[in-house]
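One structure is given here, and the rest of the page talks about it.
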Amino acid sequence: MTERPLWLAIAFCIVVRAVLQLGYGLGFELDPWLWQLVDPRLLRDDTLRSLYLMHAQPPLFNALLALALKLPEGFAGPFLHLVLQAMSIVSVALVYLLLRRARLDPVGAAIAAGLFGVLPQVLIYESVFNYAPLEAMFLLAGTLFAARYLEDGRLGRFAGLCVCLVILALTRSLFHIGWIAVVLLVVWGLRAWRHRRQGRGQGWALAVLVASLAVVSSVYFKNLRLYGIFAASSWEGIALTQMAAPWMDSDRAKFPQAYADLRARIDRGEFSPALKAGLSQFIWYGWMETAKDCGQMEETRPVLCAKRRSNGEPNLNHLAVVDYSRDLSRDARRLLLLYPQPYLNHVAASAMTFLGTPSWDYRQFDRFLPRYTALWNELVLYRPGRVLAGTQQAGNWWGSLTNRLAGSSVPVMVLVIAGMALVLWRGASGAWGYWRGREERADWVFPAFAVLLYATVPHLTNGVEAQRIRYSIEPLLYVALITAGSGLLRRR
């Protein structure tokens, strides 16, 4: 942290941001369609109860918004922008530290870290209130803590890893308590095995591990007591049904028989009314047909009973969502058995987007830095919009995937696949060598778990926003590729 190149890289990133804001008008906006947000008015006026009654997502991201809304009028946006920019700057420093740990020279590590800090997706995601910068930063920090802990066994390193994972689990339901438990047990177990040979125990680290799992599980048990769901989010059934049902316009063209059969079964009453309501309109809004507004309920808790938020968007933390999602979860299991081909097509399409679409090409993000992103599109041979256009024209599933491949960025796909392969291989080989006592370090064990999570779970249970989802592990892939390239150059 005392090396001058690191601070020059940080200064470079800060200057670039100042120029973009003052000279080019790069601003910040509170993302209006981010469904994970509770009504901002309720967060401001009834913060604790609103956070406690949340079942849509874990509460931490909404707590950050609530903190900003408590500030004087006009300060919330600049405060959140500053927080997200600070997370990006910290990520730059963490990238530098990980590259130095991989034996890159200070100047090379500073150049690589500075370039990462001005990538278009980094600049864009810190300009929108989104949890991606937070995830990226804490995954990088967790990587450094886990690597140092496996090297020297200090309790503070392991506590730092636990804090990172607890924050991630309280931010997004993707970081399931099962995944948190496996990661911590593996890291702790590897070090405990090494200590066993040295005759020393790891009791305090185990106590920290248990305490961390207790904090994460408190959200699960709270939802179990209030809503009867042992999960951090009530949306699991909705998301899985969206993946399993052949309900989209493109599905009707590719799988007409499956769609017709599903409609007939719904009309015969073989599925729940929730599925019929969901497929008659946007599946995330099907619960609104039966939901009651606050005025018709005996107990008026707006965070649970208001059908719409103050901005007019549906309130996906409505109490009706719980039963609606639970019914859809039962339907999804049968849909997977009846119509596996549409589901596999959705999984494949999500994976293709994850692999080959630049993370800055998401929703309406092209309004941020349009010329800069256009330059990067040219560099990675990507044509925005071509993927979806080709998908709609395809009359079958393999034609759709072919068009997605043709519309993807080949350089991005090569880099993503190579980065993931490097991380997984280094993680597995490093863990085995460390376990067998042949290596003193296992730096890629934690990144391997993170990459494995992002490469599988979102596509199996959700399937949308795949390029945005990848942003959170892109710093890990970036470090893996830079270190591999540096190693090749050193050998030559």
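Read-outs: derived from the displayed coordinates by stated rules, not from any lab. All values reported here derive from a predicted model rather than from experimental measurement. Glycine also receives a Cβ, built like all others from the backbone with ideal geometry; neighbour counts cover every protein chain displayed.
Would you please give the FRET efficiency between Thr290 and Ala86, computed as 1/(1 + (r/R0)^6) with r the Cβ-Cβ distance and R0 = 51 Å, to the nearest 0.05?
0.70
Full-extension gain between Glu270 and Phe230, please, as 0.36 nm times their residue separation minus the C-alpha to C-alpha distance.
This chain segment gains 11.7 nm when fully extended.
Diagonalise the Cα gyration tensor of the range 446-492 and give the resulting equivalent ellipsoid semi-axes, square root of 5 times each eigenvalue, largest first, whole Å.
Taking √(5λ) for each eigenvalue gives 28, 10, 7 Å, largest first.
So which trypsin sites (Lys or Arg not before Pro) in the range 259-333 end up in coil per DSSP with only 13 or fewer other C-beta atoms within 10 Å?
For trypsin sites (Lys or Arg not before Pro) across the range 259-333 that sit outside H, G, I, E and B with at most 13 neighbouring Cβ atoms in 10 Å, the list reads Arg268, Lys292.
Return the FRET efficiency for the residue pair Arg371, Arg491: r is the Cβ-Cβ distance, R0 is 60 Å, and the value is rounded to the nearest 0.05.
The value I calculate is 0.95.
How far, in degrees from 0 to 90, does helix 445-461 lean away from the longest principal axis of the Cα atoms of the chain, to the nearest 10?
Here the helix axis deviates by roughly 10 degrees.
Is the shape of the range 236-339 rounded, prolate or oblate, going by the alpha carbon gyration tensor and its root eigenvalues a ≥ b ≥ c, with a/c under 1.5 for rounded and a/b larger than b/c for prolate?
Taking the square roots of the gyration eigenvalues as a ≥ b ≥ c, the range 236-339 is prolate.
For the range 1-132, just the Cα atoms, rotate onto the principal axes and tell me the three extents in Å, largest first.
The Cα atoms of the range 1-132 stretch 51, 34, 24 Å along their principal axes.
Between Ala428 and Val347, how many nm apart are label points set 7 Å from Cα along the C-beta direction?
For the pair Ala428/Val347, the computed spacing is 1.9 nm.
Within the range 103-144, which residues have the backbone N less than 13 Å from the label spot 7 Å out from Leu379 along Cα→beta-carbon, could you tell me?
Output list for this probe position: 112-123.
Taking only DSSP H segments of four or more residues, each worth -39500 (n - 2.57), what value at 222 nm results for the chain once the sum is divided by all its residues, to the nearest 500 deg cm²/dmol?
About -22000 deg cm²/dmol.
Can you give me the three principal axis dimensions of the chain from its C-alpha atoms, in Å, biggest first?
67, 52, 49
With the alpha-carbon atoms as the only input, what is the per residue convex hull volume for the range 190-250 in Å³?
128
With r defined as the distance between the Cβ atoms of Trp35 and Ala102 and R0 fixed at 45 Å, what FRET efficiency is calculated, to the nearest 0.05?
Once the sixth-power term is evaluated, E becomes 0.70.
What distance in nm lies between label points placed 7 Å from Cα along the C-beta direction at Val182 and Arg252?
3.9
Restricted to Cα positions, what overall size does the range 4-227 have along the principal axes? Three whole-Å values, descending.
Per principal axis, max minus min of the Cα coordinates gives 59, 54, 24 Å.
So which lysines pass the test for Lys254, namely a Cα distance under 25 Å, with those fewer than 8 places away in the same chain ruled out?
Leaving aside lysines fewer than 8 places away in the same chain, those within reach of Lys254 are Lys276.
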